[in-house]
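One structure, pasted below without further comment.
Each value in this text was obtained by applying a stated rule to the coordinates, not by laboratory testing. Quantities reported herein were computed from a predicted structural model and do not represent experimental measurements. Positions of Cβ are generated from backbone atoms using ideal geometry, with glycine treated the same way; all protein chains shown enter the neighbour counts.
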């Protein structure tokens, strides 16, 4: 897998931005950071579960906001 970026009109800064975007989209940097140090499989599992919980909570919060539900003193209350 190779990533190529064309430098147009000598604009290296723009080419660097495009390269960074492509690398980030492919997830190359994230995999390098993950593999930089050894992580136990149990730690990986815990992190995966944590991120899934965060995502579900975020989606639930967005869904509640669309339905007009507000959290007041730890309880969900429908807006009037």
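What is the list of residues in the range 4-20 whose amide nitrogen lies under 17 Å from a point 7 angstrom out from the Cα of residue 28, following Cα to Cβ?
4-7, 13-20
Considering only C-alpha atoms, what is the centroid distance from the range 54-71 to the range 1-51, in Å?
30
At 0.36 nm per residue, and after removing the present C-alpha to C-alpha distance, how many nm does the segment from residue 3 to residue 66 gain when stretched out fully?
Details: separation 63, 0.36 × 63 = 22.68 nm, distance 4.02 nm.
Taking 0.36 nm per residue and subtracting the Cα distance, the gain is 18.7 nm.
To the nearest µm²/s, what D does Stokes-Einstein give for the range 12-78 at 4 °C and 1.567 mPa s, using the Kirkwood radius over alpha carbon pairs as Rh?
Values: Rh = 15.6 Å.
D = 83 µm²/s.
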